[in-house]
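Take a look at the structure below.
The values are calculated or read from the model by the stated rules, or taken from the named source; none is laboratory data. If you're wondering where the values come from, they're calculated on a predicted model, not measured in any experiment. FYI the Cβ positions are ideal-geometry reconstructions off the backbone, even for glycines, and counts take in every protein chain you see. Just the protein is used for accessible areas: all its heavy atoms, side chains included, with ligands, DNA and RNA removed. Shrake-Rupley method; radii C 1.70, N 1.55, O 1.52, S 1.80 Å.
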Amino acid sequence: MSQDQHVYARASKAAGIGFLVQLILSIAFALAGLWAQSHALTVVGWHAFGGLPIWLILIILYHQHRIERVETLEAEQLARTDALFDEHADDLILAHTRLERIYKWGLGGVSLVLALYLITVGFVRYLSTIGQGWEIIQDEAIRDGADPLILLVLMIVAAFVSFVMARYIAGMTRIAEWQLLRGGASYLMGIFLLSLLLSVAAVFAYVGEVEVLAALSVAIPILMTLIGLEMLLTFFMSAYRPRRAGEVPRPAFDSRVLGWFTSPESIARIISETINYQFGFEVSRSWFYRLIARAVTPLLVFGLLTLILLSSLVIVGPYEQAIVTRFGRIVTFDSSTGEKPMPPGLHLKWPWPISKATLYPVGRVQQLSVGS
């Protein structure tokens, strides 16, 4: 595709639509959090607001690209006619300078500010939530009288809008001139994943299980902090990586982890592109990398399934008994005899984190010596 002003004008328009969608989602999550008085919804609203600077810098960048292309075309036309070329050359140099400053300072500045924002907000929200205790977190997961069905509908709509917009923008990034839009698309994909988790939590809340929603009020700030740490690490690593002439820079706010869910290509392709970008040469073409790439996906799937199966097994020793909880409630319960702990032996349960088993050495004599 030719690099004319219409290409960058379309990218600027797409970034403007992404900014509008991000703003609507941010306000929607904030209002939903106030309505349901839910910590999980409130922290997702804070997370959604963090994506606004991404779209704003992309709008400014592509708008400046369009201006630079217009100035270049006009300079070429004036050069043919030898009319007032020197005067127009100053405008062209100014447009180039502004564009270089946006690439050098704008993208990096937004990445650093966003990383610090996510780390700060996520860490503060985590401390303020976990400090209340699990019982209070469950009680304040959603206010009494708030209909979980309404929450479910809102989250499904938010997930649908964010997913469609993220995939649309991700499809545009196949064009080299539009690759920087990938940062906004990946952030929107993160909003989709959080909305999907909240939808599942709303279903559990509808049947009276608010533990999932309470767990998300703790887990989502942790995820925010981890994403911020990833962006911060990428920001510092980018300062030391070699650069090739003419390559499109990949700012740190373009999360590599969220990009796995956004890009229309395979995960292995994204990993290889990330490694090649970081080292500055085609690492993915070596025989060792190709061997690992062919085996890594089956090994990861096998390892994940193995961990899930192992977490479903409970081995109770001959001197122990186990209490199994599901979403925090005791499930080893017999209506005729009351609570019935698991006896010694091999037992099955739901995988972690749905179900947990706690072992108690009830058959072992415990002795405490006081004095000499």
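Miscellaneous remarks
- Region 151-236: relative contact order as a whole-number percent, Cα under 8 Å and 6+ apart: 28
- Loop sites in region 129-177: trypsin sites (Lys or Arg not before Pro), DSSP, at most 14 other Cβ within 10 Å: Arg143, Arg174
- 5 angstrom amide H check on Gly51, placed H, neighbours 5+ away: none
- With the highest mean first, a sort of the peptides 39-49, 150-160 on other beta-carbon atoms found within 10 angstrom per residue produces 39-49, 150-160.
- Extension gain (nm, one decimal) between Val365 and Ser128, 0.36 nm per residue minus Cα-Cα: 81.2 nm
- Two-decimal ratio, region 169-242, of alpha-carbon radius of gyration to 2.2 N^0.38 Å: 1.50
- Counting only residues at least eight positions apart within a chain, or on another chain, the lysines with an alpha carbon under 18 Å from that of Lys356 are Lys340.
- The alpha-carbon of Lys13 sits under 25 angstrom from the alpha-carbons of these lysines, leaving out residues fewer than 8 places away in its chain: Lys104.
- Using θ = phi - 60° in the Karplus curve 6.51 cos²θ - 1.76 cosθ + 1.60, the 3J(HN,Hα) couplings for region 349-360 round to 8, 5, x, 5, x, 5, 10, 10, 10, 10, 8, 10 Hz; x is entered for Gly and Pro.
- With every protein chain in place and a 1.4 angstrom probe, the accessible-area ranking of Asp254, Asp139, Asp144, largest first, reads Asp144, Asp139, Asp254.
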